[in-house]
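Quick note: the coordinates plus some simple rules give every number you see, no bench work behind them. Here the structure is a predicted model, which means the values were calculated and not measured. Here the Cβ is made from the backbone with ideal geometry for all residues, glycine too, and neighbour counts use every protein chain on show.
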Amino acid sequence: MSSENYSFETKLLHNQHKVDPATGAVSVPIQHASTFHQFDLDRYGKYDYARSGNPTREALEDVIAELEGGTRGFAFSSGMAAISTAFLLLSSGDHIVITDDVYGGTYRMVTQVLTRFGIEHTFVDMTDLDQVKAAIKPNTKAFYVETPSNPLLKVTDIKAITSFAKEINAITYVDNTFLTPEYQRPLELGADVVLHSATKFLSGHSDVVAGLAVVKDEELGKRLYSLQNSFGAVLGPQDAWLVLRGIKTLHVRLEQSQKSAIKIAEFLAEHPLIEEVYYPGLENHPQHELQKSQAAGPGAVLSFEFQNEKALQVFLTNVKIPVFAVSLGAVESILSFPAKMSHAAMSQEEREKRGIKNSLIRLSVGLENPDDLINDFSQALHQVKEKLLVLQQGE
Ligand SMILES: Cc1ncc(COP(=O)(O)O)c(C=O)c1O
């Protein structure tokens, strides 16, 4: 049976790098060498210098390429390094149509850096395909999708966007950080470049910063390899090994976290102190059906909104189990405050335009027992109710 026929969870373990051919080791060796001896003046070996190629990094690149259904993978020193390098496929004078609900670091790269190099952009609500079409210009060369998006969990129709792109010979980038290839494989839906902050679910343990890119088209692969080597923001071998190790348990982690996320989202949606829950796994999410049609699950990240920032603050100071931190996709649940964390690069005005309020909190569900999390949230919400009553009485 070739590995192509294996189920996804089997592929996570049984791939071309499951055994080191030199020693039989069942863990990919960490190759620290920065340079490689050449035995012949005219014929160099496969590796010469570690920025251009390193066997441990290459193992990770092969593994992610196979999992995403691509031909070539690339590992970078962070998700932003992957995204920024992939943007270098564009040239001065080009225009990007980009989703307005996008990770703050990507927003900063597009608005503050690419503009200086003559690369234009238009932000659109990608859930509205008419807006996407209307934003296309004669110099549009790329569409940038993040789905589900950070932090409002909007879902974009990947197939529809890639069909627009193909009509005008543009490329489609998809940031697949929230779902990973476990639940969503954008290349199969026509995307050209899949991007990851591998810092998140792929590695999964809050112990490494890494980024990945995958392409299907071989020509595009050659261009991206040249950019990875030119820009040089490559992932070190130790970190590549940590991501490889994390990937082995991706299925069990994500399945468990998603199951808990569904339960927690339902609990929050019923709670009178929660104004809104953003989670594509809820039936009343506006793109619930689309999500089901293009992904195998809604994932383990959700956002929810309080009545006001004060209520959010009381909740945060009373909640005990999740860490309050920048990041997501880890074994421990993480609460973050988009306005001051992931989206601090956006001005208050830009955030408001997008509906990212100061009363919004994002939750990445980890591997704790969901009932413990729900009990913890219940007691913190009880504190919110008490404090709000005291405040109202003082008015
Ligand atoms: C959706 C998304 N894309 C990209 C990034 C950037 O990745 P990194 O922090 O690894 O540079 C993040 C980080 O939070 C993210 O949430």
(message) With 16 Å as the cut-off, how large is the P(r) tail for the range 210-280, expressed as percent of Cα-Cα pairs?
(response) 69 percent
(message) What does the extension gain come out to for Lys46 and Asp128, with contour length at 0.36 nm per residue minus their alpha carbon separation?
(response) 24.8 nm
(request) Identify the residues of the range 234-261 with backbone N under 16 Å of a label point that sits 7 angstrom from the Cα of Ser7 along the Cα-to-Cβ direction, or state none. (result) 249-256
(message) Cut-off 10 angstrom, C-alpha nodes, Gaussian network model of the chain. Which of Val26, Val208, Val113 fluctuates the most?
(response) Val26
(message) If I model a spin label as a point 7 Å beyond the Cα along the Cα-Cβ vector, how far apart are those points for Asn308 and Lys166 in nm?
(response) 5.2 nm
(request) Give the long-range amide H neighbours of Phe324: residues separated by 5 or more places, or on another chain, with amide H under 5 Å away, using H modelled in the peptide plane at 1.01 Å from N. (result) Leu335
(request) State to the nearest 20 debye the size of the charge dipole of the range 1-118 about its Cα centre, where the only charges are +1 on K and R beta carbons and -1 on D and E beta carbons. (result) 300 debye
(request) List the residues whose amide H sits under 5 Å from the amide H of Val234, counting only those 5 or more places along or on another chain, with H placed 1.01 Å from N in the peptide plane. (result) Ser77
(request) Report the dimensions of the range 172-324 along its three principal axes from the alpha-carbon atoms, largest first, rounded to Å. (result) 54, 34, 29
(request) Of the listed pairs Lys292/Lys340; Lys133/Lys340; Lys320/Lys387; Lys154/Lys353; Lys166/Lys357; Lys154/Lys292, which have alpha-carbon separations greater than 25 Å here? (result) Lys292/Lys340; Lys133/Lys340; Lys166/Lys357
(message) Using 20 Å bins from zero, what percent of all Cα-Cα pairs in the chain falls into each bin?
(response) 27, 55, 16, 1, 0
(request) Give the relative contact order (percent, whole number) for the range 166-322; include only Cα pairs under 8 Å separated by 6+ residues. (result) 21 percent
(message) If a paramagnetic tag sat 7 Å from the Cα of His205 along the Cα-Cβ line, which residues of the range 218-251 would have the backbone N under 20 Å from that point?
(response) 235-251
(message) Sorting check: for 6-19, 79-92, 142-155, which peptide has the highest mean count of neighbouring beta carbons within 10 Å, and how do the rest follow?
(response) 142-155, 79-92, 6-19
(message) Residues of the range 72-95 with backbone nitrogen within less than 13 Å of a virtual label 7 Å along the Cα-to-Cβ line of Ser230, please, listed as ranges.
(response) 85-92
(request) Please get the size of the charge dipole for the chain, origin at its Cα centre, with Cβ charges of +1 on Lys and Arg and -1 on Asp and Glu, quoted in debye to the nearest 20. (result) 620 debye
(request) For the range 94-108, just list the computed ³J(HN,Hα) in residue order, Karplus coefficients 6.51, -1.76 and 1.60, θ = phi - 60°, integers in Hz, with x standing in for Gly and Pro. (result) 7, 10, 10, 9, 10, 5, 6, 9, 9, 3, x, x, 5, 4, 5
(request) May I ask you to sort Ile64, Ile262, Ile168, Ile334 by Cβ crowding, counting other Cβ atoms within 10 Å and putting the fewest first? (result) Ile168, Ile262, Ile334, Ile64
